[in-house]
Amino acid sequence: MVAGDHDPFGARRPLPLPVASADAAGHPVAWWPGVWQLWWSRAAGANVLRDAARLRFDALVAHARRHSPLLRELYCNAGATPIPRELPVTRKRDLMERFDDWVTDAAVRRSGIDALLADPSRVGQRYLDRYVVWQSSGTSGDCGIFVQDDRALEVYDALIAVQMSAGRLASHCFAGLIKGGRAALIAATAEHFASIVSWQRACRAMPRLAARSFSIAVPVPELVAQLNAFGPAYLATYPAMLQVLADERRAGRLRVYPSLVWAGGEALAPSARAALEHAWGCPVVNEYGASECMSIAFGCADDWLHVNGDWVLVEAVDADYRPVRPGEPSHTVLVTNLANHVQPIIRYDLGDSVTVNPERCRCGNPLPAIRVEGRRDDVLEVRAADGGAVALAPFALTDVVEQAIHTHRFQLVQVEVDRLLLRIGGGDPRERGAAFRLASDALVRYLEGQGAPSVAIELDVLAPQFDAKSGKLRQVLREPKAVARERSRSRVVPRRPSRYAH
C-alpha cells in the first residue's frame, strides 16, 4: 500500500486470509502456496489487499516488540496496534550501529555475519544454516547488512512468479522455455550483494536449472564471447549494462536473442526502457527493489511501477517525513517490508525520491503506482587505443574499485574522453593516497582489458558528492568540462605520466 497522513488500512476490520503451511519452508517450490495466496487476494479486490497488509503489519510490529530490544525501545510510547505514522522513522546508520539489538533472533550476531561477508567464496551460503545474508552497495553512503529467513525469501519468489505469469510476460516466458530456458545474470559476483546471493540460492535449490552468472567486471569482449557460447533465453542485469550489450548486438558482435530481459539495480526511465525493448526485440521487465526489500514494485506497459501493496508499505514523504500529495516528487520514501521478521524493516528511510500516481493507472492494475528517481549512474565512453570509443558500464567500474579498496565511499567522475577523477571519502591524506594507488592500479588493469590503456586517472581534491535531488551517492558520472577545468588548477602532478595523477 501507499500511505498518506491517515490510516492506510482504513477502518474496516481485517478479514482472515488463507495461510500457507510452514511445512514447506526452504523447499524449491515452497513459494507455490504464496503464489496462490497472491492470486486470491489480488483477485478479491482492494479491500482484501488492505486487509492483508494490515494483518501483516500488526503481526510484524507485535513480533518486533517482543523480540527486538531496539524496536521495543523505539515503540515504547506507541499504542497497542499502531498505524504506521504513529511509529518513528528508522535509518540505516542508526540501525546498523545497534545491529545485534535490532535483529529478533538472539543467535544472529554481527561478528559472525562479518566473517561470512569477508569471504567471497561463501557468497550465497547460509548463516547459522537457516538464514540468507546480503549487503547493500552503499549508494546512500553507508553499507547495510540484511538477514532473510525462508518465509521472506519465499514471498520474494512468489511476487516474481506472479509478475512473470501475468499479461504479455507469460507468453515470452514460455517462448524462452522453447529456446532452452537458459538464464543468465550479469552482476557483481565477488561481493555478497542481493542479486548474486539470490541467484546462487536459486541455483543451489534447483541444480538442474540451466542458469549461469557472469561477472560484470570482465572485459566486454570476453563477456560477449561468454554470452554467445551460453545463448541465454532470459537475461538479467543492470540497465546500463543492457545498453552496453545492446550496442554490441547492433555491431553484430553479440549474437544472443533472449525472449525476456530483466532490468534492476538502477532507475530505468520510460524512454530508456522503450529504447532497450526496441534494441533487444523483447519485453524489458522493470522491477524496483532494494537490499532492504527485494521486490517493492514492478513495471507496467504504461511505465509506472506498481507497489506490491499486500507485502510492502510505501510512504512518500518530504524532508520532515510528512506525506506529500500524489503527483508531487517526495524527498524520500519510507518502506516497510511485511515479509521479513528476523530483521524488521519498518518505516525505513530508503533515500529514493518517488512520485505517486494521483490517478488509477491506465494499464488497469489496481495496485498503487509510483515512479522512482533512484540510482542513475552514467555509462562512460572513453577513448580506445585505436582512437574509437569504449563504453564502460558503471556497475563494472564500481565493482573494480570496491574490490580494490573495500569501501563504498567513492565517486568516479569523467571530465574528458581520456581523463577520470576518483573521489575518495576520508579525512586522512595518507589513507586517501594509499587507497587511490590501489584503486587506480585496479582501474588501469581493467581499462587495459577493455582496450582503453591511455585513460588518465587522477585523485580529485573533492570528497564524494551526494546527489542533491535523490540524496544518494552517484558513484559513476560525467561532469561538465567547464567545472572540471576550474578545479583542475588544484591537481597534483601525475605520478605516472599519461596514466595516473595523485
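Read the figures in this text as sums done on the coordinates, not as results from a lab. This structure is a prediction, so every number in the text was calculated from the model and none was measured. Here the Cβ positions follow ideal geometry from the backbone for every residue, glycine too, while neighbour counts run over all protein chains shown.
A few remarks follow.
- Take each peptide in 283-292, 378-387, 404-413, count the other Cβ atoms within 10 Å of every residue, and average; sorted highest first, the result is 283-292, 404-413, 378-387.
- Helix 167-178 and the longest principal axis of the Cα set of the chain meet at an angle near 60°.
- If R0 equals 56 Å, the separation of the Cβ atoms of Leu128 and Arg478 corresponds to a calculated FRET efficiency of about 0.80.
- Net lengthening on full extension, Ser215/Arg445 (0.36 nm per residue, minus Cα-Cα): 81.2 nm
- Overall, region 83-176 carries a charge dipole of about 260 debye about its Cα centre when +1 sits on the Cβ of Lys and Arg and -1 on the Cβ of Asp and Glu, all other atoms neutral.
- Taking 0.36 nm per residue of sequence separation and removing the Cα-Cα distance, the Arg66/His406 pair yields an extension gain of 118.8 nm.
- Interatomic Cα distance distribution for region 126-251, bins of 5 angstrom, percent: 2, 9, 16, 21, 21, 16, 11, 4, 1, 0
- This model, with +1 at the C-beta of Lys and Arg and -1 at the C-beta of Asp and Glu, gives the chain a dipole about its Cα centre of some 540 debye.
- FRET efficiency for the Leu438 to Ala107 pair, using the beta carbon distance and R₀ = 56 Å, is estimated at 0.95.
- Lys/Arg +1, Asp/Glu -1 at C-beta; region 29-310 dipole; positive extreme among Ser68, Ala217, Ala166: Ala166
- DSSP bridge pairs, the chain: antiparallel proportion in percent, nearest 5: 60 percent
- Only one residue of Pro88, Gly265, Trp39 has its Cα farthest out toward the positive end of the dipole of the chain, where Lys and Arg carry +1 and Asp and Glu -1 on Cβ, and that residue is Gly265.
- Label separation (Val417 vs Thr81): 6.6 nm, computed from points 7 Å beyond Cα along the C-beta direction.
- With a Förster radius of 22 Å applied to the beta-carbon distance between Phe230 and Ala389, the computed FRET efficiency rounds to 0.25.
- Dividing the Cα radius of gyration of region 377-460 by its Kirkwood radius returns 0.95 for Rg/Rh.
- Think of the chain as having a plus end and a minus end, set by charges on the Cβ of Lys, Arg, Asp and Glu; of Met241, Ser121, Phe436, Met241 sits farthest toward the positive end of this dipole.
- Separation of the Ala301 and Ala43 label points, Cα + 7 Å toward Cβ, nm: 2.1 nm
- Potential lengthening of the chain between Arg98 and Phe174 amounts to 22.7 nm, from the contour at 0.36 nm per residue minus the alpha-carbon distance.
- Label-point separation in nm, Ala205 to Glu431, each point 7 Å along Cα→Cβ: 4.0 nm
- Working note: Debye formula, equal point scatterers on the alpha-carbon atoms of the chain, no solvent; log10 I(q)/I(0) at q = 0.08 Å⁻¹ is -0.50.
- Region 29-310: projected area of the alpha-carbon convex hull, averaged over directions, in nm²: 15.9 nm²
- In terms of the mean number of neighbouring beta-carbon atoms within 10 Å, the peptides 210-220, 154-164, 106-116 order highest first as 154-164, 210-220, 106-116.
- Convex hull volume per residue for region 238-317, taking Cα atoms only, in Å³: 105 Å³
- Over the chain, dividing the summed -39,500 (n - 2.57) contributions of all DSSP H runs of at least 4 residues by the number of residues returns a 222 nm mean residue ellipticity of -10500 deg cm²/dmol.
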